[in-house]
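The values are calculated or read from the model by the stated rules, or taken from the named source; none is laboratory data. Because the structure is a prediction, the values reported are computed rather than measured. All Cβ positions, even for glycine, are placed from backbone atoms using ideal geometry, and neighbour counts span all protein chains on display.
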């Protein structure tokens, strides 16, 4: 049986963490015989490189940085997946759910500077700041 190639798009803040481990476990439980392409296994600083990895996969599964908020890199990877008509799924590690999405219209994208600041502040502070309109 052929493996389903899945690009696991997630904020760098989650690389090599228990959150990442749990996410990979959840992906494996939701898809039959997946080959997971994890960007944390590469050292390129070039987003084009990661978008090429997305192009080589069948599906993209992503994690939010905070509720409804995507890091700049994850956003670009999702855009690439939609551009090539790949299926895209939102991964909710806390609830153990994977949901297919068809657009990015319900998400906010942080720019690179905001993404870096969010890595320092953490998920709860990002959610608070967005609710307060900061």
Fill in the blank from the handout: Within segment 18-60, residues being under 13 Å from residue 81 (Cα atoms) and either in contact with a strand residue (DSSP E or B) (Cβ under 8 Å, 6 or more places away or on another chain) or crowded, with 18+ Cβ neighbours inside 10 Å (or both) number 9
Completion exercise
Checked segment 43-60 for anything touching a helix residue (DSSP H, G or I) at 6+ places or on another chain (Cβ under 8 Å) and modelled with pLDDT under 95; matches are 44, 47
Handout entry: Pair list, Cβ under 6 Å, 6 or more apart: segment 38-57 residue over 11 Å from residue 9 (Cβ atoms), other residue not in a loop (DSSP other than H, G, I, E, B)
Key = 47/76
Handout entry: Test set (1) under 15 Å from the mean Cα position of the chain (by Cα); (2) buried (at least 16 other Cβ atoms within 10 Å of the Cβ) - residue 114 fails condition number
Key = (1)
Handout entry: Index of the failed condition, residue 117 passing every other in (1) out of contact with any helix residue (DSSP H, G or I) (no Cβ under 7 Å at 6 or more places or on another chain); (2) closer than 20 Å to residue 49 by Cα
Key = (2)
Exercise for the section: Could you tell me whether any residue of segment 10-17 is assigned to a loop (DSSP other than H, G, I, E, B) and crowded, with 20+ Cβ neighbours inside 10 Å? Expected result: yes
Exercise for the section: Among the candidates 88, 69, 93, single out the residue that is in contact with a helix residue (DSSP H, G or I) (Cβ under 8 Å, 6 or more places away or on another chain), in contact (Cβ under 8 Å) with a residue 60 or more places away in the chain and either exposed (fewer than 15 other Cβ atoms within 10 Å of the Cβ) or more than 19 Å from residue 121 (Cα to Cα) (or both). Expected result: 93
Problem - Where residue 76 falls short, out of the listed (1) out of contact with any helix residue (DSSP H, G or I) (no Cβ under 7 Å at 6 or more places or on another chain); (2) free of Cβ contacts under 8 Å to residues at least 60 places away in the same chain; (3) in a helix (DSSP H, G or I) - result: (1)
